[in-house]
Amino acid sequence: MALVSKGLEGVVAAETRLGEVKGAEGILFYCGYDINELAGHVSYEEVVYLLFHQHLPNRAELDALTTALRAERELPQGVIDFLTSAPKSAKPIDVMRTAVSMLGCYDTLRHDLNMGEHRATAIKLVSQIGIIAAYFHRARQGLSLPPIRKDLSEAAHFLYLMSGEVPSKEAEQTLDVAYVLHAEHGFNASTFTARVVASTLSDMYSSISAAIGALKGPLHGGANEGVIHMLEEIGSPDKVDSWVADALAQKKKIMGIGHRVYKVLDPRAPHLQKMAIKLTEQLGEPKWIQMSERIATIMREQKGLNANVDFYSATVYHSLNIPTDLFTPIFAISRMSGWTAHVLEQWSDNRLFRPLSEYVGKAYGQKVVPVDER
Ligand SMILES: CC(C)(COP(=O)(O)OP(=O)(O)OC[C@H]1O[C@@H](n2cnc3c(N)ncnc32)[C@H](O)[C@@H]1OP(=O)(O)O)[C@@H](O)C(=O)NCCC(=O)NCCS
């Protein structure tokens, strides 16, 4: 009998040069660079280059990538029309999934591209995904769509399009670090989804649409939105203990806590925790971080579970005045670099993913009884 690993836990499904999550030690690295070496020291654009080329860019290489990313900032009019006509009540992450799929309809060459052309598609998606999210957010409020700009970084451009104003240096740097921290994470559910679709030799847009669909689930990228909903429901620091006790008694999952791979602290969490503390202090709204810290302590002490990347990122985005339903979209914006790099890697040495399943249904040999006699 074949060995069944529910959720593919512990199964190594392919080799990768892009990133590794060492769950027992709490280490994450991209192409050999520890996340602590990267966060706060390189820009998101440098990380995009690193994931696409497996080395950090020199100045000329970075300038070339930055120019290529900014050159792709114009969305097709049909996609803009979709963003302005989509139901205002739609979830931004669903609109993004649909818009990425739609972008594929404009790229008529996509079935016979070489690796360089596939990389150009990846650059286009990295560039356009944030614009899609920001423009839909503007459109659903009945606001005008700010003209795209080519003088702003990926992080600053998203904040500018979303709010209509060029962000402060600090807001830009905060989001840039968040982008760096979320860019790559091994064979997580959405990346694996992208690679499975790519392994059929389907196209980049289909792989990424599927990945966005996987990311939105509350057990994956959707957890950061769940954290803010939880903090809002709790309301104040003095209510945390009883709320968590009730939730655990009802066997509810506490959003932003626990991880399939990390059995110690998620190395991305302390970076976001530091930013969350600073931002909430500046805003004079310490209750969010106070509630978060108490939840983290209870979960660590009572369940031996630690905060993950989504736990503090929720407070960081909230403090940047980003609406809650754009939290998972921001995860998607930054993970676009990781997803597309994985699709490129899959195609560089492709083998169709086709696992087996263990059949546990009715015994073999059932006989068909005519419909009126059943
Ligand atoms: C991420 C997640 C799906 C991993 O689940 P998993 O692989 O089953 O985790 P583990 O095997 O380590 O779980 C061990 C135990 O802790 C419990 N547990 C794990 N995360 C928990 C959480 N957030 N709240 C309460 N209990 C939790 C599990 O139910 C399990 O309990 P059991 O042994 O009584 O069945 C899970 O931790 C979770 O749902 N977290 C909340 C959602 C989230 O933040 N997702 C983002 C991940 S980056």
| field | Top-ranked residue of segment 266-291 - restricted to ones that are under 12 Å from Asp310 (Cα atoms) and charged (D, E, K, R), ranked as farthest from the chain's Cα centre (by Cα) | value | Asp266
| query | Can you name the number of the only condition in (1) buried (at least 20 other Cβ atoms within 10 Å of the Cβ); (2) at pLDDT below 95; (3) more than 13 Å from the ligand (Cβ to nearest atom); (4) aliphatic (A, V, I, L, M) that Val240 fails? | reply | (2)
| query | Somewhere in segment 272-290, is a residue touching a strand residue (DSSP E or B) at 6+ places or on another chain (Cβ under 8 Å) and buried (at least 22 other Cβ atoms within 10 Å of the Cβ)? | reply | no
| query | Which one of these is among the acidic types (Asp, Glu), within 16 Å of the ligand (Cβ to nearest atom) and out of contact with any Phe, Trp or Tyr (no Cβ under 7 Å at 6 or more places or on another chain): Glu165, Glu233? | reply | Glu233
| field | segment 243-264, subset open to solvent by 10 Å² or more (accessible area, probe 1.4 Å) and small (Gly, Ala, Ser), residue nearest to the ligand (Cβ to nearest atom) | value | Gly258
| request: Considering only residues that are surrounded by fewer than 24 Cβ atoms within 10 Å (Cβ to Cβ) and out of contact with any Lys or Arg (no Cβ under 9 Å at 6 or more places or on another chain), look in segment 213-228 and name the one that is modelled with the lowest pLDDT. | output: His220
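The values are calculated or read from the model by the stated rules, or taken from the named source; none is laboratory data. These numbers come from a predicted model, not from an experiment. Quick reminder, even Gly has a Cβ in these numbers, built from the backbone with ideal geometry, and neighbours come from all protein chains shown. Heavy atoms of the whole protein, side chains included, go into the accessibility calculation; ligands, DNA and RNA do not. Shrake-Rupley method; radii C 1.70, N 1.55, O 1.52, S 1.80 Å.
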